[in-house]
Amino acid sequence: SAVISQKPSRDICQRGTSLTIQCQVDSQVTMMFWYRQQPGQSLTLIATANQGSEATYESGFVIDKFPISRPNLTFSTLTVSNMSPEDSSIYLCSVLHRGNYEQYFGPGTRLTVT
Amino acid sequence: EDKVVQSPLSLVVHEGDTVTLNCSYEVTNFRSLLWYKQEKKAPTFLFMLTSSGIEKKSGRLSSILDKKELFSILNITATQTGDSAVYLCAAPSGSARQLTFGSGTQLTVLP
């Protein structure tokens, strides 16, 4: 499996500000994903982070609101822009293991917007 | 649109009981089904199933896939309070193998 770290683990932010979440993996991985889990809900995919090119966003998510970077095969960032209380969620990055296609999750970032 | 449905949504049992969690799916180009345990924030990987009828086992947990009937079950025997969690099943879809999740089953094990 892969060891994945995320920073910050939690944050409380004011409406209208932005927060950047970092995801670091201990080995090179081909696919990295960003998910959101709103309170009481299951996980929803935000986007696939592509190395060296623009992320692929799911329906309902746009680059202006959730810009994503992936400068190399072990690191990605997700920014939550112009936050509102509806953005309060757990944000999770995940990676696809190259060999067996198992997917592993980072520890998550709990974001509260006031 | 790909879909994963879990049942029951919640379950309360006592220590020592055996539970069965269900997951049905409708996924284009099905490749595999994954089970996760979520206690706080991060889902912890349990199993990945690709072949019908082959049970995967880890301690008191086991899981099996039926590709003909499009479902999977997760069994937990001799439950313990530490098994209390949300159990999620998910299936990769799309060319990037991004996961479509079910709504989860909230399991509560009482002492």
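The values are calculated or read from the model by the stated rules, or taken from the named source; none is laboratory data. Treat the numbers as computed from the prediction; the structure is a model and nothing was measured. Every residue, glycine among them, receives a Cβ derived from its backbone with ideal geometry; neighbour counts consider all protein chains shown. Calculation scope for accessible area: heavy atoms of the full protein, side chains included, ligands and nucleic acids excluded. Shrake-Rupley method; radii C 1.70, N 1.55, O 1.52, S 1.80 Å.
At-a-glance table
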{"item": "Extended-chain gain in nm, criterion 0.36 nm per residue less alpha-carbon gap, residue A:26 and residue A:13", "result": "1.8 nm"}
{"item": "Span per principal axis, largest first, for the Cα atoms of region A:1-58 (Å)", "result": "34, 24, 24"}
{"item": "Accessible area that becomes buried as A packs against B, both chains, 1.4 Å probe, Å², nearest 100", "result": "1600"}
{"item": "Furthest towards positive pole of dipole, A:103, B:14, A:44, structure part the protein assembly as shown, Cβ charges", "result": "A:103"}
{"item": "FRET E, pair residue B:7, residue B:70, Förster distance 22 Å, beta-carbon r, rounded to 0.05", "result": "0.95"}
{"item": "Percent antiparallel among DSSP beta bridges (both partners in region A:51-113, rounded to 5)", "result": "100"}
{"item": "Residue-by-residue Karplus 3J(HN,Hα) for region B:46-52, coefficients 6.51, -1.76, 1.60, Hz, glycine and proline x", "result": "10, 9, 10, 10, 10, 10, 5"}
{"item": "Restraint check, B:3/B:68; B:41/B:67; A:7/A:65; B:3/B:56; A:7/B:3; B:37/B:57, Cα-Cα greater than 21 Å", "result": "B:41/B:67; B:3/B:56; A:7/B:3"}
{"item": "Burial ranking of peptide ranges B:7-18, A:35-46 (average Cβ count within 10 Å, highest at the top)", "result": "A:35-46, B:7-18"}
{"item": "Residue-averaged beta-carbon neighbours from other chains (10 angstrom radius) around A:29-39", "result": "2"}
{"item": "Given charges at beta-carbon only (K, R positive; D, E negative), |dipole| of region B:49-111 in Debye", "result": "160"}
{"item": "Along principal axes, Cα extents of the protein assembly as shown, largest first, whole Å", "result": "48, 37, 32"}
{"item": "Test item: B:90-97 mean partner chain Cβ contacts at 10 Å", "result": "4"}
{"item": "Unpartnered cysteines - no second Cys beta carbon under 4.7 Å - across chain A", "result": "A:13"}
{"item": "Listed residues A:25, B:54, B:72: farthest to the positive end of the dipole of the protein assembly as shown (Cβ charges)", "result": "A:25"}
{"item": "Neighbouring partner chain Cβ atoms per residue of B:40-52, average, 10 Å criterion", "result": "4"}
{"item": "Whole-Hz ³J(HN,Hα) from phi, Karplus 6.51 cos²θ - 1.76 cosθ + 1.60, for region A:82-91, glycine and proline x", "result": "6, 5, 10, x, 5, 7, 4, 6, 9, 10"}
{"item": "Semi-axis lengths (Å, descending) of the ellipsoid that matches the C-alpha gyration tensor of chain B", "result": "24, 14, 12"}
{"item": "Carbon and sulfur %, accessible surface of the protein assembly as shown computed with the full protein complex present, 1.4 Å", "result": "48"}
{"item": "Per residue, in Å², the accessible surface of chain A once ligands and nucleic acids are set aside, probe 1.4 Å", "result": "47"}
{"item": "Table column - 3J(HN,Hα) (Hz), region A:39-56, Karplus curve with 6.51, -1.76, 1.60, x for Gly and Pro", "result": "x, x, 10, 8, 7, 10, 6, 8, 6, 9, 8, 9, 6, x, 8, 5, 5, 9"}
{"item": "Per-q log10 I(q)/I(0), chain A, q = 0.18 Å⁻¹ (Debye; single scatterer per alpha-carbon; no solvent)", "result": "-0.85"}
{"item": "Residue-span extension gain [residue A:41 to residue A:82] - 0.36 nm each, minus C-alpha spacing", "result": "12.5 nm"}
{"item": "Only Lys, Arg (+1) and Asp, Glu (-1) charged, at Cβ; chain B dipole about Cα centre in debye", "result": "340"}
{"item": "Calculated over region A:35-91: convex hull of Cα atoms, volume per residue (Å³)", "result": "81"}
{"item": "Neighbourhood charge, 15 Å Cβ-Cβ cut-off, centred on residue B:79 and excluding it, Lys, Arg +1 and Asp, Glu -1", "result": "-2"}
{"item": "Mean Cα-pair separation over length for chain B, i.e. relative contact order, pairs under 8 Å, 6 or more apart, %", "result": "37"}
